[in-house]
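Here is the structure we will look at.
The values are calculated or read from the model by the stated rules, or taken from the named source; none is laboratory data. The shown structure was predicted, so the numbers you read here are calculated from the model rather than taken from an experiment. Here the Cβ positions follow ideal geometry from the backbone for every residue, glycine too, while neighbour counts run over all protein chains shown. Just the protein is used for accessible areas: all its heavy atoms, side chains included, with ligands, DNA and RNA removed. Shrake-Rupley method; radii C 1.70, N 1.55, O 1.52, S 1.80 Å.
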Amino acid sequence: MNVTLEVKQYISKMIEISGPGMKVLLMDKETTSIVSVVYTQSEILQKEVYLFERIDSQNRDNMKHLKAICFLRPTKENVEHLIQELRRPKYSVYFIYFSNVISKSEIKALAEADEQEVVAEVQQIITKEYELFDFRKTEVPPLLLILDRSDDAITPLLNQWTYQAMVHELLGLNNNRIDLSRVPGISKDLREVVLSAENDEFYANNLYLNFGEIGTNIKNLMEDFQKKKPKGQQKLESISDMKAFVDNYPQFKKMSGTVSKHVTVVGELSRLVSERQLMEVSEVEQELACQNDHSSAQQNVRRLLQNPRVSELDAVRLVMLYALRYERHSSSILSSLMDELSRRGVSERHRRMVQAVVEYGGKRIRGSDLITPTDAVSITKQFFKGLKGVENVYTQHQPLLHDTLDQMIKGRLKDSQFPYLGASSLRDR
C-alpha cells in the first residue's frame, strides 16, 4: 500500500465533494503536516483551494465567498475551536472531515452550534480495522509476516550510504523538508528545501542509489547544461566544483532549481562525511557487523574512540556494535571501551545505551543466529566507484530481513522461530 497516495486520494475526495468554487482549507497543526507531505501548493491551487488556515488562528478574516473544507483531528481542542467557528462562521459553507472517530456527544455539540446552518457535511476519514488487511484477491492468499526488531539490533546502528537514508541520518527529514539554515554560506532561498519523491523526479530516481552514484548523476546533468553554453566550460571533478559552478551561474539556478537543491544537499552530506570521518567509522562498523576478527575489531574501535573528530553518537554506536558482536567473547574489552567513552566525556545517558541495546537485542533475547562464525568466509567486500572526493565505502552488511524473506519464499523458515497460523502449512504455499 502506498500510504502517501492513499492520503492524497482522501484529500482529493474531500475537495471534490465540496464542488466548484473558491475554497479555504482549515486544518490543525498535525493535519497541516499531512497535507503538506502529499500535496504541493501549486497542485492544490489547481483544485481551487486558494487559502490555507489553522483552526486555532485568531486573526482570520471573514470571507463569505469561500467554501471551507475542514480537515481536523477529533481532539477536544479542535472540536471546541470548531464550535466557536460555527457560532460565528467566517465562510459561506463548511465541509467537515475528521481524521478519526468522533463521539456522538461532540457531533451533537457541533450541530447545536450550527445555528446558521452553514455545515453541508460531516465525515470521519478512517480505515476500519477489519479492512486493514483486505488485500486484492490473488490466486495465492497474501501472507502476513510478523517480526521483532530485537532479532536484529545491528542494522539500525550502521551508517547508511544511500541518498534517502543519508539525508534522514545526517540532515533530518521532517514532513519532506530539510533544514539547511546551519550550513556554512547557505543562500537564503536554500535554507529550507523540500525532498519529495512525488514531485521531484531526480529524487525519485536516486533516493535508493549510493552516494557516489548520486554525485555522478548530478555531474552528468550539469555537464549536459554546460554543453549548451559556448563559453565558460569548466571541468566538474568534485562536489565542491559543482557547488562553485551553481554559485557562478545564477541563470542555472533559475532554470534548474531542483539540481541546485540537490547539489547543495549532496555538498552538505559530503562535508559532514568528511568532518565526522564517517568513511573510517563505517568501515569499522562493517567489520564489526560482518567479520569475526576480534583482535582487529578491538584495535580499530579503540583507535576511533580516541579520535576527537568522531562524534559522540558514532563513538557510542561503535561500542554498541562491539557489545552485540562480542557479547560473550572470552577476551572482551567492553569495560575498557566504556572507560574510554567516559574519558571522552560521553554523557551517562548515552553510555547507558550500550547495556540497554544488549538487554534489548543480545543473544539471550534474539530468536535467530544473527552473526555466525562462517560470516568472515562468506562475506565479499563490495565497493562502488564514486566521484572524486567521495571515496569507496564498504557495503558488506546485509540485514537479517533479507535472509528471512529468502527463507520464507523457499519455505524454509523454522517453525520454532516463525510459528505459522493458517489453513495450510507454510511450505505448501
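Put simply, of V263, V259 the only residue that is of a type in the set (A, V, I, L, M), assigned to a helix (DSSP H, G or I) and either open to solvent by 10 Å² or more (accessible area, probe 1.4 Å) or out of contact with any helix residue (DSSP H, G or I) (no Cβ under 9 Å at 6 or more places or on another chain) (or both) is V259.
Those helices (runs of 4 or more DSSP H) of the range 145-229 in which at least 3 residues are open to solvent by less than 50 Å² (accessible area, probe 1.4 Å) and under 20 Å from E275 (Cα atoms), considering only elements entirely within it, cover 163-166, 211-226.
Inside the range 285-331, residues that are at pLDDT below 95 and β-branched (V, I, T) make up a count of 0.
Scanning the range 101-126 for residues that are touching a residue at least 60 places away in the same chain (Cβ under 8 Å) and outside any strand (DSSP E or B) yields one hit, I125.
Among the numbered conditions (1) surrounded by fewer than 19 Cβ atoms within 10 Å (Cβ to Cβ); (2) in contact with a helix residue (DSSP H, G or I) (Cβ under 8 Å, 6 or more places away or on another chain); (3) at pLDDT 75 or above, the only one that K253 does not meet is (3).
Taken over the range 345-366, the criterion of being free of Cβ contacts under 8 Å to residues at least 60 places away in the same chain, open to solvent by 70 Å² or more (accessible area, probe 1.4 Å) and part of a helix (DSSP H, G or I) is satisfied by E348, R349, R352, Q355, E359.
Selection of first residues in the range 44-56 that are within 20 Å of R73 (Cβ to Cβ) and of second residues that are open to solvent by 40 Å² or more (accessible area, probe 1.4 Å), restricted to Cβ pairs under 6 Å at least 6 apart or on distinct chains, gives the following pairs, ordered by first then second residue: I55/H81; D56/H81. Within the range 303-319, not a single residue is touching a residue at least 60 places away in the same chain (Cβ under 8 Å), open to solvent by 20 Å² or more (accessible area, probe 1.4 Å) and closer than 16 Å to L158 by Cβ. When restricted to residues that are of a type in the set (V, I, T) and touching a His at 6+ places or on another chain (Cβ under 9 Å), the range 268-318 contains 1.
E327 passes every criterion in (1) within 20 Å of I365 (Cβ to Cβ); (2) part of a helix (DSSP H, G or I) apart from (2). Counted as qualifying within the range 1-100 are the strands (runs of 3 or more DSSP E) with 1 or more residues that are out of contact with any helix residue (DSSP H, G or I) (no Cβ under 6 Å at 6 or more places or on another chain) and open to solvent by 60 Å² or more (accessible area, probe 1.4 Å), namely 49-54.
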